[in-house]
Amino acid sequence: MSVGIIIMGLLIGFMVGLTGVGGAALLTPVLILFGISPSIAVGTDLIYNSITKLFGSYQHWRQKTIQFKLVKYLAAGSVPSAICAVGVLHIFDSFFHNQEIIIKHALGYVLILVSFITLAKTFFKSNGQMNRYQLKPLHEKRGLTIAIGAILGFIVGLTSIGSGSLFALAIIYLYRLSPSELVGTDIAHALLLVSAAGLMHAGIGNVNYLLVINLLIGSIPGVMIGSTLSARIPAKPLRTIMALMILISGLKLI
């Protein structure tokens, strides 16, 4: 057991519960700053995320707030793509021994993207009017949905980041879902995606299981405390601070 890692998990869980900003975007760069290699940080974060998403998915399944057909289409693209990303990464490392550099730079660029998305979602609200994609039924967007899953799934497999933030943005823009369905569908799909990518990373030795346990010990109560206080503390300034921290982390990794 590492007290420092447990406290880190507690703080990250607290911020996730308080602001709703994605845990992977906070956790992965912090693990690297703690001296953990990028490949181990990504693989460990994916396994950690799969466990936390399991509990969230179960709760939304009970609440009937998951659009399973949308989850199926997204996963049809994202799961094979994430598996492919990890496989390509491993092959590149076998020939060029540059796995850590690729992951670190990819993390940096994705963190910068996530920070801008977080800021946009914080300060720019929808006018309530549906665009032409939202007006189309889901079956007419099947190919587009699978393609989006494939593109974003590759990013998640490579960096562990985006299973919530990037997919949530795509879902908001393309589909008509209630806020609870948006969250439930996003979490259920993320469970499939991060579990597949995490198992691939585990297969090539990129997971520190003791680290996963330490993080869970800290983050579970942290999320509960943060969620409880979220109704009393204004989220907008906190989200802005978190987005800027993610941006700085991304710039440092490039």
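The values are calculated or read from the model by the stated rules, or taken from the named source; none is laboratory data. Keep in mind that what you see is a predicted model, and the values were worked out from it rather than measured. Positions of Cβ are generated from backbone atoms using ideal geometry, with glycine treated the same way; all protein chains shown enter the neighbour counts.
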Fill in the blank from the handout: When restricted to 154, 116, the only residue aromatic (Phe, Trp, Tyr), within 15 Å of residue 46 (Cα to Cα) and either crowded, with 22+ Cβ neighbours inside 10 Å or out of contact with any Gly (no Cβ under 6 Å at 6 or more places or on another chain) (or both) is 154
Completion exercise
The condition from (1) without any contact (Cβ under 8 Å) to a residue 40 or more places away in the chain; (2) closer than 25 Å to residue 59 by Cβ; (3) of a type outside the set (Gly, Ala, Ser) that residue 237 misses is numbered (2)
Practice task
State whether one or more residues within segment 202-209 are aromatic (Phe, Trp, Tyr) and part of a helix (DSSP H, G or I).
Solution key: yes
Practice task
Would you be able to say whether some residue in segment 190-203 is over 21 Å from residue 47 (Cβ atoms) and either within 18 Å of the chain's Cα centre (by Cα) or of a type in the set (Gly, Ala, Ser) (or both)?
Solution key: no
Handout entry: Filter result for the condition that a residue is part of a helix (DSSP H, G or I) and closer than 19 Å to residue 199 by Cα, over 18, 11, 31, 46
Key = 46
Completion exercise
Residue set 232, 176; condition among the basic types (Lys, Arg) and at pLDDT 85 or above; output residue 176
Problem - Those residues of segment 1-42 which are hydroxyl-bearing (Ser, Thr, Tyr) and at pLDDT below 85, in sequence order - result: 2, 19
Exercise for the section: Report, by residue number, each residue of segment 122-169 that is of a type in the set (Gly, Ala, Ser) and farther than 21 Å from residue 199 by Cα. Expected result: 126, 128, 143, 147, 165, 168
Problem - Condition check for residue 112: under 23 Å from the mean Cα position of the chain (by Cα), modelled with pLDDT of 85 or more and under 22 Å from residue 32 (Cα atoms) - result: yes
Exercise for the section: Kindly establish whether residue 185 is part of a helix (DSSP H, G or I) and more than 18 Å from the chain's Cα centre (by Cα). Expected result: no
Practice task
Could you run through segment 53-106 and say how many residues are within 16 Å of the chain's Cα centre (by Cα), free of Cβ contacts under 8 Å to residues at least 60 places away in the same chain and farther than 22 Å from residue 204 by Cα?
Solution key: 1
Exercise for the section: Determine if segment 230-239 includes at least one residue that is more than 19 Å from the chain's Cα centre (by Cα), outside any helix (DSSP H, G or I) and under 26 Å from residue 84 (Cα atoms). Expected result: no
Completion exercise
Every listed condition ((1) surrounded by 15 or more Cβ atoms within 10 Å (Cβ to Cβ); (2) within 15 Å of residue 83 (Cα to Cα)) holds for residue 203 save (1)
Completion exercise
Within segment 181-200, restricting to residues that are crowded, with 21+ Cβ neighbours inside 10 Å and of a type in the set (Gly, Ala, Ser), the one that is farthest from residue 89 (Cα to Cα) is 184
Problem - Single residue of segment 119-151 satisfying the filter (modelled with pLDDT under 90, hydroxyl-bearing (Ser, Thr, Tyr) and over 25 Å from residue 253 (Cβ atoms)) that is surrounded by the most Cβ atoms within 10 Å (Cβ to Cβ) - result: 133
Practice task
Could you tell me whether any residue of segment 140-149 is basic (Lys, Arg) and free of Cβ contacts under 8 Å to residues at least 24 places away in the same chain?
Solution key: no
